[in-house]
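Here's the structure, in structure tokens; my notes come after.
The values are calculated or read from the model by the stated rules, or taken from the named source; none is laboratory data. These numbers were taken from a predicted model, which means no experiment stands behind them. FYI the Cβ positions are ideal-geometry reconstructions off the backbone, even for glycines, and counts take in every protein chain you see.
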Amino acid sequence: MRLKALAGSLSGKLSGGSKRCLSTRCSMGTSQEVMPKVSLRVQKTDAPVIVNMKKLMASREDVLSLAQGIVHWSPPPQALQAASVALAQDPSVHGYGPAEGLPMLREALREKIAKRNGLTQHDVLVTAGANQAFTNIVLALCDETDNVALFTPYYFNHLMAFQMSGSADRVQLGPCNPNTLHPDLDWLEAQLASSNKPRMVVLVNPCNPTGVCLSEAEVERAAAACAKAGVWLVLDNTYEDFVYGESKHHCSSAPNVINVFSFSKAYGAMGWRVGYIAYPTSGGPQLGLELLKVQDTIPICVTQLSQRLALEALLSGQEYVASQIQDLAGNKAMVLDALSPLGSMGNGIAGGEGAIYLWARLPQHAQEDTRAVEWLVKKHGVCVIPGSSCGAPGYIRAAYANLKPGDCQRAAGRLKAGLSELVQDGNALKH
């Protein structure tokens, strides 16, 4: 009875003006709330260009993509079978694995990097793709006050990793030869000899986005210059299997060089997310421990099922991979022809030495590369990457491994028609 009386008394007090007053105070309190902010580091980080390109392609149903750097094949059949068996028969794949990676995969990778890449005094850390490998390295080796160096045009996710870790204002951008797109190593040596030298230098070989492949002499010259200055050199070898003609892929085994690799491209395992870091074990800091701190904080470990697939792909998938890459010659020829309205190799067009990309300069009257890419999608139904996303406005990047030959031929035809119109009609982008 007392509870009912108390409830009635409170109800009466909250009627009329008193109730309205309480409501107003609540409303005023809400209106005076201040929304929390996002970090300045992330605000200074570029928007992801691939995400933006996918949104753009969604504006038209029949768009063919020469944009994202992927391959059109799946992992080797033996690797898929091994993953299927592991999923069906081994409950341990559902649990956490060792942070460094499965012992049997790491052992196979040590053997691989020793025999194929000449990296003998090295250990490996398995990561969730090459992007996570690179982020591990940046967080483990660079502070916010450190300068870092990339060459323009750069791989956009490398710049983003520096930006979101606090080095947005301390990235030094080195030039490339305007005709060959090989990095200017004279600039690098001068920069390393200055009082403003970087803590880390990054090279992608073969290169995303340009498709050039560095010679052994170029790689070792860069490694030696960095060693003399006490600077880390990071080599991203994601496209090591994609070399053509007389080009040869080379890794440096110098103790100041860290090598990054990936299963995403050659093995067609993009969505399985497996990469790895090969780091020197002789002299210097205990890199493995420092890298492991980042690894344990971000993914804890790479999915065990993905590592099972990677292991089998590494052990039995080489012939399969070689065959798939060899068959890209036709695709590359078709896309190179599609770019011909913009020039020729060495004169407006670069690449073809390695990776899965060709790089081309837009005509002088159509230097708004983002606008040109939007126009190609909406009018001609084909998508490429704007060079501005790689620090080089006025250029485009075209990938030639992401479509099967028939679809690639259709995409190349659309691209050539669009570029021909762009070259001939100075007002094309205004229409």
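Taken together, the residues in the range 208-240 that are among the charged types (D, E, K, R) and surrounded by 20 or more Cβ atoms within 10 Å (Cβ to Cβ) amount to 2.
Scanning the range 38-53 for residues being surrounded by fewer than 19 Cβ atoms within 10 Å (Cβ to Cβ) and within 19 Å of residue 412 (Cα to Cα) gives a total of 0.
Counting only helices (runs of 4 or more DSSP H) wholly contained in the range 116-210, the ones carrying 1 or more residues that are farther than 29 Å from residue 384 by Cα and among the acidic types (Asp, Glu) occupy 185-192. The residues on offer are 59, 15, and the sole one that is modelled with pLDDT under 95, more than 30 Å from residue 409 (Cβ to Cβ) and hydroxyl-bearing (Ser, Thr, Tyr) is 15. The residue that is nearest to the chain's Cα centre (by Cα), counting only those in the range 40-68 that are in a loop (DSSP other than H, G, I, E, B) and free of Cβ contacts under 8 Å to residues at least 40 places away in the same chain, is 47. If you check residue 298 against the conditions, is it in contact with a Ser or Thr (Cβ under 8 Å, 6 or more places away or on another chain) and surrounded by fewer than 16 Cβ atoms within 10 Å (Cβ to Cβ)? Yes; evaluated as a whole, the condition is true for this residue. For residue 86, the criteria (1) modelled with pLDDT of 95 or more; (2) over 18 Å from the mean Cα position of the chain (by Cα); (3) within 30 Å of residue 41 (Cβ to Cβ) hold in every case but one, which is (3). Only residues that are under 18 Å from the mean Cα position of the chain (by Cα) and at positive phi: list them for the range 366-393, please. Passing the criteria: only 391.
Kindly check whether there is at least one residue in the range 366-374 that is hydrophobic (A, V, I, L, M, F, W, C) and in contact with a Cys (Cβ under 9 Å, 6 or more places away or on another chain). Within the range 366-374, one or more residues are hydrophobic (A, V, I, L, M, F, W, C) and in contact with a Cys (Cβ under 9 Å, 6 or more places away or on another chain). The single condition among (1) surrounded by 20 or more Cβ atoms within 10 Å (Cβ to Cβ); (2) in contact (Cβ under 8 Å) with a residue 60 or more places away in the chain; (3) not aromatic (Phe, Trp, Tyr) that residue 374 does not meet is (1). Answer yes or no: is there a residue in the range 150-162 that is in contact with a Gly (Cβ under 6 Å, 6 or more places away or on another chain), buried (at least 21 other Cβ atoms within 10 Å of the Cβ) and more than 27 Å from residue 269 (Cβ to Cβ). Yes, the conditions are met somewhere in the range 150-162.
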